[in-house]
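Notes for the one structure printed next.
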Amino acid sequence: MSAGDFMCDKHFKLLLSENRKIRKQNLDELTKIVSDEKFKISPDFMLAIKTYVYPCLNDSSEACRESAINLMKVLVCLKCVDDIAPIIFTVHKRMGNITLLENSEEIRLLYIQLLWDITKNNGHLILPCLDDVVSILVNGIVDPCPAVKKESCLCVVEVVNATKTHFHMVAESLIEPLLKTTNFHQSAVRYTAIQSLNYVIMYSNGKQVPEVCTAISERLFDQNVNVRLALCRVVTNWMLNLPDRYSYFAKLVPLILTAQVDNHQPNREEAERLWDEIGNQYLNENEVKFKDKMDFLPDNLDHYPPNVKRPNLGCRTLVAQEVLKLLPVIIRELDDWKEDISIKSGQLLCVVALNAENSIIQHLNQLLTAMTKCCRQPNHSASTHVRQAAEIMSYFISPSVYLKLLLPAISDSEPHSGHMNILSGLLKNVQSAELSIHVESIITILVKPEICEIHDPLFKKYLLQVIEYILVACKSECQKFSYDIFKIYITVQTTTMDEFDNHLIFKELINMCEPKTKQQLFKKHGEKLLNELNDSCDSWMVHSPGRKVLDKIATDAEYVILNCYEIYLQILTKCLNNFEKDPKFLMKILININTCVNKDIFIDKQLWQLLSGLVFPFLTWRPGKTAESLRAASCFCAQSIINKLTCYNDIILQQIFPLFLALADDNHNKTRECALDSLYSIVSAAKKSNNIDGDIINNITRVALARLNDNPGNTRFKAINLLKVTYIKPLPEDYLLHYEAHITQLYKTLVIFLDDENIQKCILDLLKELSWMKPDILAKHVNVNVFSQKHYAQNLMDYLSNELSQILLDT
């Protein structure tokens, strides 16, 4: 026996020691010996290993087990171990049973690594122990330790490669633990589990493929891009190489399609490349079956989404075959409460629409219902993708198909923004020849009041999009429906904040006129529109679209009202015939009248009709704050009309003066201001035509003097101006003679306000201007000493002295 053999024999014998430190030291020494390249391993040495070292794999000491495993790993890698059954039996005993004996994570990891080394280097020997190996790996895959999980998954791959012909008998046992591990919190473990699952399924009997596809589909939403990419490649491998793969395409196709909507662009590009490869292989495998399609169907279409590569015939055929199974799932999951699932479903619908092309028609009714429901909710996470899918579908589905489904849904049920969103998406890329025969049916439905007068802003946005796409595609066919389009446009656009004149629809409508002007457009359709407004105005409320259309005509097309004044008057009469209507609505109508009056389109006769027939009834006093506010608005409107009147006869003055004198005493400050302004205009006009008498002057004086007691504000200054215009020359004959007492009272009252700091300067100027009537009487009532600010009174007295002196000189 050589010295080396003697030393080894000594180490082996010491492994029987009861001292665990001695056992560990000798195991480590043996590891050093066999690791030496100069040492040659003999059969006797391996016999001793089996006799003394194998039992140490199950040693009571953790340190000894670790050293024994490391020694065996070296020997296995040197391919010196021929009898692996005892090793696998020991490992199975430690961690292959239901109850694990091995508590140390580090030792469990070493056991799995040892098993990996055995499989790698002696794979042909593990077949008799395959059940035990699988049992070990099942426990290793579900081990709490991430490192053990990962190594177990890697070991599964080696076991599969070593036992390909027999692995299908045990594959089922590994599927469930691997599926659980694909949900582990560490992405590296999930990635490895998916890779291992690929091999297990490839060499299984295939019965678990549907179950596996359902379970791993969640990994398409994994936060880690590498995990998602791994799953995409695994699915591709199954679709390309799995035996009897056609049986599982119903489960596999949705996965590879979903991978094409990955959030990470490199993943999307790889998924699209792999999908193309799958389609080409399927086409090659069925070349005889699809020979006619391959020979006669064009690879590219003229009418196709721009900058998008068309899927090959194999891809399109695969989706067409599975579309009836795909769409119900997509329809269901579009409404899923989980946002990411709903979004992915919307994105998947886009991919399916692109691949299925016109094959999607078979499920179109249910699909459109789901799409409109999804888009009805403006904040729905998938609505953007569903709209995009509708735009893709517009390239492949004829309007004759989807309009039969959508138009009845819009007209017969309660229309909402989802209907219009999907309809506009389907019409966006439609071909003119296909749409032209349907223009009338679409416009006829959209022009209905219950459609075009819907208040929802999103509905109106998509409604205008529908009209815009129809105009772009079928401009010539829209000529005879120009009024309906104009009505839809003005009804919708007047209720939004968008610019009216800059929209494409409005520009196209102008181009349909001759000459091509906005004025001609309103003239062409204005009378018919006003007649329709006249028919519906009885039911208007403050937010009714018809009322807003009337406002738009008054603002931008007053010439329509000028040409159709009688119709306009009928509308106003119906709107203002009931004091019990919403005060806000009545105010809006009064504002409309005011807008038209300021456009200077009415003659005096028409102005008087508006004032006496429509506005006057609202100027009479009625109790309540609401009536007070409405009276103020009416008074403002009346003031605008009065300012536009060019002549006043006795009848007009007899009706106007009492009404506005009463309004000058109204509780509402704005009403008093407007009344005083109106009286100013009336008095000015009356004096020019000598249609004012002493009684009217005295009544005006009474009202104006009363307003000087108002709180500080414009009313007092307007009252001063009214007095000024009332008493300027000329006055009625003999007024100074018969109404001297009134003049005296006027002076006495005005003098009092010389001490009012807010208006004393204006009062001083007014007294100077009115002093021409009776300067001596005024001078008698001015006592400089009683005023706190004497310089105003002194100023007035100096002025009066000069006036009186001048009178004496003249006489």
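Things to note:
- Taken about its Cα centre, the chain carries a charge dipole of about 360 debye when Lys and Arg each add +1 at the Cβ and Asp and Glu each add -1 at the Cβ.
- Looking at the chain, the accessible area is 46 square angstrom per residue; that uses a 1.4 Å probe and ignores ligands, DNA and RNA.
- Take each peptide in 279-285, 511-517, count the other Cβ atoms within 10 Å of every residue, and average; sorted highest first, the result is 279-285, 511-517.
- Entries of 625/718; 10/38; 93/164; 718/768; 32/120; 13/149 with Cα pairs more than 27 Å apart: 13/149
- Violating pairs (Cα-Cα greater than 31 angstrom) within the set 404/475; 293/373; 524/644; 373/524; 373/552; 524/548: 293/373; 373/524; 373/552
- Using the alpha carbons alone, the radius of gyration of the chain stands to its Kirkwood radius in an Rg to Rh ratio of 1.34.
- Measuring between their Cα centroids, region 10-55 and region 390-434 lie 82 Å from each other.
- Element breakdown for the chain at a 1.4 angstrom probe: carbon and sulfur atoms account for 51% of the accessible area.
- When each of the peptides 251-263, 101-113 is scored by how many other beta carbons lie within 10 Å of its residues on average, the order from highest to lowest is 251-263, 101-113.
- With N counted as the residues of region 602-727, its alpha-carbon radius of gyration over 2.2 N^0.38 Å works out to 0.99.
- For region 529-661, fraction of C-alpha pairs farther apart than 26 Å, in %: 19
- Phi-based couplings in Hz for region 268-282 (Karplus 6.51, -1.76, 1.60; Gly and Pro marked x): 4, 5, 5, 5, 5, 5, 5, 4, 5, 5, 4, x, 5, 5, 4
- Computed FRET value (nearest 0.05) for residue 742 with residue 573, which takes r as the C-beta separation and R₀ as 51 Å: 0.75
- Across the cross-link table entries 460/528; 574/599; 516/605, which are compared at the Cα atoms, the separations over 32 Å belong to 516/605.
- On the beta carbon distance between residue 320 and residue 511, with R0 = 51 Å, the FRET formula returns roughly 0.75.
- Using the alpha-carbon positions of region 280-412, Rg (one decimal) and Dmax (whole number) come out as 15.9, 49 Å.
- With contacts taken as Cα pairs under 8 Å and at least 6 residues apart, the chain reaches a relative contact order of 4 percent.
- Sum of side-chain charges, residue 693 neighbourhood, beta-carbon under 13 Å (Lys, Arg +1; Asp, Glu -1): -3
- Euclidean distance between Cα centres, region 184-213 to region 737-811, Å: 109
- In terms of accessible area, using a 1.4 Å probe and ignoring ligands and nucleic acids, 39, 500 rank largest first as 39, 500.
- Helix-only arithmetic for the chain: the sum of -39500 (n - 2.57) across DSSP H runs with n ≥ 4, divided by the residue total, places the mean residue ellipticity at 222 nm at -21500 deg cm²/dmol.
- Dipole magnitude of region 602-727 about its Cα centre (Cβ charges: Lys, Arg +1; Asp, Glu -1), debye to nearest 20: 240
- Calculated FRET value between residue 709 and residue 802, using beta carbons and R₀ = 35 Å, to 0.05: 0.65
The values are calculated or read from the model by the stated rules, or taken from the named source; none is laboratory data. Nothing here was measured: the structure is a model prediction, and the numbers come from that model. In this analysis, Cβ positions are derived from the backbone assuming ideal geometry, glycine residues included, and neighbour counts consider all displayed protein chains. Only protein heavy atoms, including side chains, enter the accessible area calculation; ligands, DNA and RNA are left aside. Shrake-Rupley method; radii C 1.70, N 1.55, O 1.52, S 1.80 Å.
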